[in-house]
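J.: What follows is a structure written as structure tokens; I'll ask about it next.
The values are calculated or read from the model by the stated rules, or taken from the named source; none is laboratory data. Computed from a predicted model, the values in this text were never measured in an experiment. Cβ: placed from backbone, ideal geometry, glycine included. Neighbour counts: every protein chain shown. Just so you know, the surface numbers come from the protein's heavy atoms only, side chains and all, with ligands and any DNA or RNA stripped out. Shrake-Rupley method; radii C 1.70, N 1.55, O 1.52, S 1.80 Å.
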Amino acid sequence: MTTSNRVRWVFDCGNWFPSESDWSKVSRSIQLEEKERIGRFVFKRDAKRSIIGQLMIRKFLSEATHLPWSQIKTKRDLNNKPIIEGFNLNFNVSHDGNYVVLAGEENISVGIDIMKNCYKGGKSLNEFFRLMHRNFHLKEWAYINKGTDMKKTSSFYRFWCLKESYVKATGTGLTIDLKNICFVPQNELKKDSILNDTKLFINDKLMSDWSFHEYLYDDYIITVCIKGSITPVNFKLITFQDLISNAEMITEEDENYCKLFLNKEEQP
């Protein structure tokens with residue numbers, strides 16, 4: 001396994017304001033079906049996060065396979081997860097708030113999730129918890145539902161990232177009964193420290209073949225789920241120029257597509 005096949009990238013969309021020329025280049029550098037999907041977003045924020053995710057995937061695959069950007073062809077499996085045929089490369093993307101993150105591995109199943117560490121729902125926190133507690137094991141909920149509201153919120157997002165990273169790594173999606181999945185943290189999250197000792201139980205059985213790397217990145221919680229035991233990797237903040245340095249335009253110019261994007265509101 002080469003270093004380029006193990007990546008952890010983060011991109012800050014909050015400081016990226018693409019020009020018409022930028023949007024033209026990136027929208028022509030992804031597959032047509034992904035371009036069309038991204039074009040259906042109502043707000044710029046969602047379109048930007050999605051297209052950055054696609055650029056991250058293509059950059060990772062090009063560097064890991066040593067194939068030119070134009071020869072990278074992904075498709076979606078039965079669980080709607082993008083894959084590349086002919087290579088045992090696993091990758092996953094997530095986004096929340098300003099950040100988009102990618103985890104990439106070779107020969108190892110991987111899932112990733114990110115959540116901003118603040119409650120932003122329309123309901124009161126108590127009402128939100130009343131609706132969401134059904135998705136958690138009793139032991140998890142006891143851990144979440146203690147301390148200040150800030151501590152409860154942080155614990156909730158930590159457990160949610162753990163669960164979602166796992167179901168993304170397994171490819172099952174959030175269709176399984178989440179109450180049967182029980183995570184048992186051994187330590188509290190800390191900035192500038194990667195935790196990898198949280199344990200997973202399913203139907204009360206320890207699943208020792210899964211590892212969880214947990215990060216505090218600015219005001220965000222990031223969790224990477226890995227099949228097996230492997231050394232955690234630090235996240236690297238990448239720039240727009242990093243992303244497009246080897247990009248090739250693979251579709252025709254579409255001026256109307258760019259103008260439609262520029263006329264959208266940034267966010268709700």
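J.: Determine the order of LYS48, LYS25, LYS120 by accessible area, beginning with the largest, at a probe radius of 1.4 Å.
T.: Working: LYS48 5, LYS25 70, LYS120 115 Å².
Largest accessible area first, the residues go LYS120, LYS25, LYS48.
J.: Taking only the Cα atoms of region 109-225, how large is their convex hull per residue, in Å³?
T.: Taking the convex hull of the Cα positions in region 109-225, it is 101 Å³ per residue.
J.: Moving on. Hey, got a sec? Which GluC sites (Glu not before Pro) in region 221-268 land in a DSSP loop and have at most 15 other Cβ atoms within 10 Å?
T.: Listed in order of number, the matching sites are GLU248, GLU252, GLU253, GLU265, GLU266.
J.: Here are labelled values, [x] 1.03; [y] 1.09; [z] 1.24, and one is the computed Cα Rg over 2.2 N^0.38 Å for what I pasted. Which one?
T.: Here the calculated entry is [x].
J.: Could you give me D for region 1-42, from Stokes-Einstein at 10 °C and 1.306 mPa s, where the hydrodynamic radius is the Kirkwood radius over C-alpha pairs? Units µm² s⁻¹, please.
T.: Rounded to a whole number, D works out at 124 µm²/s.
J.: Tally up the carbon and sulfur contribution to the accessible surface of the chain as a whole percent, 1.4 Å probe, everything protein left in place.
T.: Numbers: 6550 of 13340 Å².
Ligands and nucleic acids excluded, carbon and sulfur reach 49 percent.
J.: P(r) for region 73-156: what percent of alpha-carbon pairs falls in each 10 Å bin, starting at zero?
T.: That works out to 15, 33, 26, 20, 6, in percent per bin.
J.: Can you list which of the DSSP-assigned H helices in the chain have a Cα extent of 27 Å or more along the long axis and an average Kyte-Doolittle score of at least -0.5?
T.: What comes out of the filter, once short or polar helices are dropped, is 44-65.
J.: Lysines within cross-link reach of LYS259: Cα-Cα under 16 Å, excluding same-chain residues under 8 positions apart?
T.: Once the sequence-local lysines are set aside, what remains near LYS259 is LYS25, LYS35, LYS44, LYS48.
J.: Turning to a different aspect of this structure: On average, how much accessible surface per residue is there in region 52-176, in Å², for a 1.4 Å probe, leaving out ligands, DNA and RNA?
T.: Per-residue accessible area for region 52-176 comes out at 46 Å².
J.: With +1 on each Lys and Arg Cβ and -1 on each Asp and Glu Cβ, how big is the dipole of the chain about its Cα centre, in debye rounded to the nearest 20?
T.: 800 debye
J.: Using only the heavy atoms of the protein chains and a 1.4 Å probe, how would THR231, THR251 rank by accessible area, largest first?
T.: THR231, THR251
J.: What does the charge dipole of region 1-136 about its Cα centre add up to, to the nearest 20 debye, if the Cβ of each Lys and Arg holds +1 and the Cβ of each Asp and Glu holds -1?
T.: 380 debye
J.: Can you work out the PRE-style zone for LYS75? Point 7 Å along Cα to Cβ, and I want the residues of region 11-45 with backbone N under 16 Å.
T.: 31-34
J.: Within 10 Å of each candidate Cβ there may be at most 14 other Cβ atoms; applying that plus a DSSP loop requirement, which trypsin sites (Lys or Arg not before Pro) in region 181-231 survive?
T.: Of the trypsin sites (Lys or Arg not before Pro), the ones in loops of region 181-231 whose Cβ has at most 14 other Cβ atoms within 10 Å are LYS190, LYS191.
J.: Looking at region 79-121, which GluC sites (Glu not before Pro) are DSSP coil and have at most 16 other C-beta atoms within 10 Å of their C-beta?
T.: On the way: sites: GLU85, GLU105, GLU106; in loops: GLU85.
Taking region 79-121 and a limit of 16 other Cβ atoms within 10 Å, the loop GluC sites (Glu not before Pro) found are GLU85.
J.: Given H placed 1.01 Å from N in the peptide plane, which residues other than close sequence neighbours of TRP210 have an amide H under 5 Å from its amide H?
T.: Sorted by chain and number, the residues that satisfy this are GLY228.
J.: Within region 25-50, what residues put their amide N at less than 18 Å from the label point 7 Å along the Cα-to-Cβ vector of LEU262?
T.: Within reach of a label on LEU262: 25-29, 39, 43-45, 47-48.
J.: Sticking with this structure for a sec: Looking at the chain, what % of its DSSP beta bridges pair antiparallel, to the nearest 5?
T.: The antiparallel fraction comes to roughly 95 percent.
J.: Just ILE30, ILE230, ILE222 to compare: in a GNM of the chain, with alpha carbon springs under 10 Å, which one fluctuates most?
T.: Among ILE30, ILE230, ILE222, the largest mean-square fluctuation in the Gaussian network model of the chain belongs to ILE230.
J.: Per 10 Å bin from zero, what fraction in whole % of the C-alpha pairs of region 1-129 is there, up to the bin with the longest pair?
T.: Histogram of Cα-Cα distances, whole percents per bin: 11, 39, 33, 13, 4, 0.
J.: How far apart, in nanometres, would the label points at ILE83 and ASP254 be if each is projected 7 angstrom from Cα along the Cα-to-Cβ direction?
T.: 2.6 nm
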